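What follows is a set of notes on a single structure, which appears directly below.
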Amino acid sequence: MKIRAAVLEEFGAPLGVQELDLAEPKTGEVLVRLAACGVCHTDLYTASGADPSGYSPTVLGHEGAGVVERVGENVKDLEAGDHVVTLFSPQCRECEHCRDHRTNLCMAIREQQNQGYLPDGTTRLSRDGEPIRHFMGTSTFAENTVMPEIALAKIDPEAPLDRACLFACGLSTGLGAAMNTAKVVGGSTCVVFGAGMVGLGAVAGCRLQGAERIVCVDLSDDRLALARGQGATDTLLGGPEAVQEIVDMTGGLGADYTFEATGNVNVMRQAVESARMGWGLATMCGVAGKGETLDIIPRFLITGRRVAGSSFGGVKGRDQVPQFVDMYLAGDIDVDAFVSHKLTLDDVNRGFELMEAQDGIRSVIDFA
Ligand SMILES: NC(=O)c1ccc[n+]([C@@H]2O[C@H](COP(=O)([O-])OP(=O)(O)OC[C@H]3O[C@@H](n4cnc5c(N)ncnc54)[C@H](O)[C@@H]3O)[C@@H](O)[C@H]2O)c1
Ligand SMILES: [Zn+2]
Ligand SMILES: [Zn+2]
């Protein structure tokens, strides 16, 4: 079939919205008609050429939500009409990692996905016979996409898809960091560095876990106001004094749980140093620049602080994304506050501009 999609042709140049061919789903694959897709930093990171593992030509986009149009052979759990959220982090339910509760890092299709291919090593996207690679196994800056069944979460059809799409990446990452990785205990004190999509999700996750005190740290007053809306009890402007200020705010000891959601290694260090002795846990969500390292004074660890990392919030997507969507429908997660701009597919580059200007939390492409 013919589809319109935003193609990354040349790094550093705007995406080109153009007509492509999309082949039918093969075994285990599903054809999805996109309804909405968020524009995320990872798309821009690859488009800019900063991502060392990036490739082109490819169709970007990974925060998609839509409706199943057709399924290929051997698709067991999805059928036409199902509403789905796309998962760059799949869940095959069979590999060693999927069967273990300690991780969400499914190993089923990693290698092919990282290189831009569907699990059988080929692409469904092409242009005049030339293969166009898939991005993050999703390629959702497109009217339709073909994805493996194991990378689609079936959600309640009542959920508006222009909200549900945010659970495809940043929001679930933040929620899951608090709920799965840190497993915040009720009554505790939490600090979240960064109030973008990931940090605000972590604030919401801490609130849902029953944290008593949630301090959010950011450089922007507007974003700190959003953090209050998600349940932050205190806010703080970031900077070199942040650790001391947090220690002072927490009776001289630091927080039970800290979260880093900025991607800045200096802030990661602050997250470690503002966790309390004895049991403080610092969870890293941010993606640092290539070659950057996190400095930790070992004494912080010997005196009982721990450090964890969290990819997609430790969320096993097919199981947990539908649960998050249900929590949203029940009124427990305020997603509306995150959708700052609605765009058409043709405006996708405007989404990047808004992100670079830090204008709003998320721009969402609406395919309706
Ligand atoms: N682990 C994962 O699976 C995963 C998934 C999605 C995104 N990420 C990463 O998470 C990070 C956050 O993503 P996002 O979409 O929320 O980004 P964002 O840019 O919207 O938010 C980052 C926030 O950090 C704030 N900040 C910058 N410097 C600061 C400082 N010194 N002190 C306090 N706050 C500071 C900024 O003002 C901004 O509000 C990025 O590094 C992103 O790549 C990771
Ligand atoms: Zn993303
Ligand atoms: Zn798996």
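Here are the numbers:
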read-out: Test: residue in the range 155-177 that is assigned to a strand (DSSP E or B), closer than 22 Å to CYS92 by Cα and not small (Gly, Ala, Ser); value: yes
read-out: Single unsatisfied condition, SER340 versus (1) touching a helix residue (DSSP H, G or I) at 6+ places or on another chain (Cβ under 8 Å); (2) part of a loop (DSSP other than H, G, I, E, B); (3) open to solvent by 30 Å² or more (accessible area, probe 1.4 Å); value: (2)
read-out: Hits in the range 110-140 - residues which are part of a loop (DSSP other than H, G, I, E, B) and touching a strand residue (DSSP E or B) at 6+ places or on another chain (Cβ under 6 Å); value: GLY116, PRO119, THR123, ARG124, ILE132, PHE135, THR138, SER139, THR140
read-out: Residue under evaluation SER311, criteria (1) more than 29 Å from ARG93 (Cβ to Cβ); (2) within 16 Å of ligand 2 (Cβ to nearest atom); (3) surrounded by fewer than 20 Cβ atoms within 10 Å (Cβ to Cβ), criterion not met; value: (1)
read-out: Pairs, first touching a residue at least 24 places away in the same chain (Cβ under 8 Å) in the range 146-161, second part of a strand (DSSP E or B) and within 16 Å of ligand 1 (Cβ to nearest atom), C-beta under 6 Å, six or more apart; value: ALA153/VAL85; ILE155/VAL85
read-out: Inter-residue pairs, beta-carbon under 8 Å, first in a loop (DSSP other than H, G, I, E, B) and in the range 88-109, second within 16 Å of ligand 2 (Cβ to nearest atom) and aromatic (Phe, Trp, Tyr), 6+ apart; value: PHE88/PHE312; SER89/PHE312; ASN104/PHE312
read-out: All positions within the range 198-217 that are open to solvent by 10 Å² or more (accessible area, probe 1.4 Å) and within 16 Å of ligand 2 (Cβ to nearest atom); value: VAL198
read-out: Qualifying positions in the range 83-102 - more than 8 Å from ligand 3 (Cβ to nearest atom) and under 26 Å from GLY38 (Cβ atoms); value: HIS83, VAL84, VAL85, THR86, LEU87, PHE88, SER89
read-out: Every pair of residues 6+ apart whose Cβ atoms lie under 7 Å, when the first sits in the range 331-352 and is of a type in the set (Asp, Glu) while the second is open to solvent by less than 70 Å² (accessible area, probe 1.4 Å) and not in a loop (DSSP other than H, G, I, E, B); value: ASP332/LEU208; ASP334/GLY229; ASP336/ARG163; ASP346/VAL17
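The values are calculated or read from the model by the stated rules, or taken from the named source; none is laboratory data. Note that the coordinates shown come from a computational prediction; the quantities given were computed from them, not determined experimentally. A quick note on method: Cβ atoms are made from the backbone with ideal geometry, for glycine too, and the neighbour counts reach across all protein chains shown. Protein only, heavy atoms only, side chains kept; ligands, DNA and RNA dropped before computing areas. Shrake-Rupley method; radii C 1.70, N 1.55, O 1.52, S 1.80 Å.
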